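Report on one structure; see the data block that follows.
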Amino acid sequence: TAKESGRNQYRYFQPNMSEQLSKQLGLERGLRNAIELKQLSIHYQPKVCLRSGKIESVEALLRWDHPQIGRISPDVFIPLAERCGQIGVLGEWVLENAISQCVEWHKAGLPELSVAVNVSPMQLLSGRFARTLASLLEKYGLEGRFLLLELTESVFIEAKQELQQCLSTVQGLGVNLAIDDFGTGYSNLAYLKKFRVAQLKIDRSFVTNLLDSAENQAIVTAIVNMSHSLGLTTIAEGIEDKPTADFLTSLGCDKGQGFHWSAPLDAAQMPRLLQLLRPAC
Ligand code: C2E
Ligand code: MG
Ligand code: MG
Ligand code: MG
């Protein structure tokens, strides 16, 4: 089942390694060559509409298969890429592949599917993010509305002039923004209005054990109510079973994502999965 293969996928290199250790292992050097050596790939995980069961979107999640170490978690190599100045190149690779893949799916009979891409704060600060994005959308002929960028709260908190400019240019392309891992960061929510964010992604830490935790239920209920009154969509990440999905549906949460439906899968497996999960509505 999806849940089992999901578990297997997580039996890989975990993020408890020090900077020192990653140096010793030559990971930085390895990462520099990873694109060229075709060690990177993207897996996609569906975002499911809780009421209809329909998939409108998939999230792109980067994978690095190291020839000696095996699969390395993005929680390890994304921070590494940020430290060693590789995040720009890596992020652009993900964007280009996700955009071209989305166009392929549109041609293959899934014309409404959109794709979500995680973007690191440092990518946005490079100064050419918006221009690069615009030219990639142009190159592949994808409308901006089919792309959603997942950003963590920290991006918005210290948003300086350049960053605000960058995000509004991105939104001008029709691209939507989501706040990833919502609830784990900052408590001043004023930025939600300022940036016209489309989607709040409730962090997995509130969703795991949701049914056993009155505190998490209170937090999730508050997030759902708040985002609805601000006109935002809510999605819960890390849903692993049906009772949790049902409970979130009853709270009015709009969408869900997690092993309950599917682990992240490679692109070739998506059309079949989408057939399976698409209801007869
Ligand atoms: P995220 O964006 O919050 O993604 C959610 C993570 O939870 C993913 O881990 C996903 O595979 C995992 N997950 C999904 N459903 C379940 C579930 O039901 N149970 C559990 N336990 N886990 C679930 P993954 O793929 O290892 O990615 C970890 C993080 O690495 C991501 O967190 C994201 O912050 C970052 N990341 C991944 N790809 C990229 C990328 O292309 N660019 C950037 N900047 N960051 C990325
Ligand atoms: Mg994400
Ligand atoms: Mg998340
Ligand atoms: Mg996360």
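Just a yes or no: is a residue in the stretch 155-168 within 16 Å of ligand 3 (Cβ to nearest atom), at pLDDT 80 or above and of a type in the set (Gly, Ala, Ser)?
Looking through the stretch 155-168, none of the residues is within 16 Å of ligand 3 (Cβ to nearest atom), at pLDDT 80 or above and of a type in the set (Gly, Ala, Ser).
Quick check on the stretch 211-220. Is at least one of its residues surrounded by fewer than 21 Cβ atoms within 10 Å (Cβ to Cβ) and in a loop (DSSP other than H, G, I, E, B)?
Yes: one or more hits.
Would a scan of the stretch 150-158 turn up a residue that is within 17 Å of Ser100 (Cα to Cα), within 11 Å of ligand 1 (Cβ to nearest atom), touching a Gly at 6+ places or on another chain (Cβ under 9 Å) and assigned to a strand (DSSP E or B)?
Filtering the stretch 150-158 down to residues within 17 Å of Ser100 (Cα to Cα) leaves none.
No, every residue in the stretch 150-158 fails to be within 17 Å of Ser100 (Cα to Cα), within 11 Å of ligand 1 (Cβ to nearest atom), touching a Gly at 6+ places or on another chain (Cβ under 9 Å) and assigned to a strand (DSSP E or B).
So, of the residues in the stretch 111-135 that are over 25 Å from Lys160 (Cα atoms) and touching a helix residue (DSSP H, G or I) at 6+ places or on another chain (Cβ under 6 Å), which turns out to be surrounded by the most Cβ atoms within 10 Å (Cβ to Cβ)?
Looking at the filtered set, the residue picked out is Val115.
Given the condition part of a helix (DSSP H, G or I), over 17 Å from the mean Cα position of the chain (by Cα) and surrounded by 14 or more Cβ atoms within 10 Å (Cβ to Cβ), answer yes or no: does some residue in the stretch 250-259 qualify?
Yes: the stretch 250-259 contains one or more residues that are part of a helix (DSSP H, G or I), over 17 Å from the mean Cα position of the chain (by Cα) and surrounded by 14 or more Cβ atoms within 10 Å (Cβ to Cβ).
Looking only at the stretch 111-148, count how many residues are part of a helix (DSSP H, G or I), modelled with pLDDT under 95 and either touching a Leu at 6+ places or on another chain (Cβ under 7 Å) or of a type in the set (Asp, Glu) (or both).
Going through the stretch 111-148 one residue at a time, the tally reaches 1.
Give Leu177, Leu211 a once-over and let me know the one that is in contact (Cβ under 8 Å) with a residue 24 or more places away in the chain, in contact with a Phe, Trp or Tyr (Cβ under 8 Å, 6 or more places away or on another chain) and within 25 Å of Thr132 (Cα to Cα).
Matching residue, one of Leu177, Leu211: Leu177.
Among the residues of the stretch 39-79, how many are assigned to a loop (DSSP other than H, G, I, E, B), over 21 Å from His260 (Cβ atoms) and at pLDDT 95 or above?
Result for the stretch 39-79: 1.
Any residue at all in the stretch 183-195 that is modelled with pLDDT under 90, within 15 Å of ligand 3 (Cβ to nearest atom) and at positive phi?
Initial filter on the stretch 183-195 (modelled with pLDDT under 90): 183-195.
Filter once more, so that each one left must be within 15 Å of ligand 3 (Cβ to nearest atom): 183-185.
Now restrict to residues that are at positive phi: 183.
Scanning the stretch 183-195 turns up at least one residue that is modelled with pLDDT under 90, within 15 Å of ligand 3 (Cβ to nearest atom) and at positive phi.
The values are calculated or read from the model by the stated rules, or taken from the named source; none is laboratory data. Not measured: the values here are computed from a predicted model. Here the Cβ is made from the backbone with ideal geometry for all residues, glycine too, and neighbour counts use every protein chain on show.
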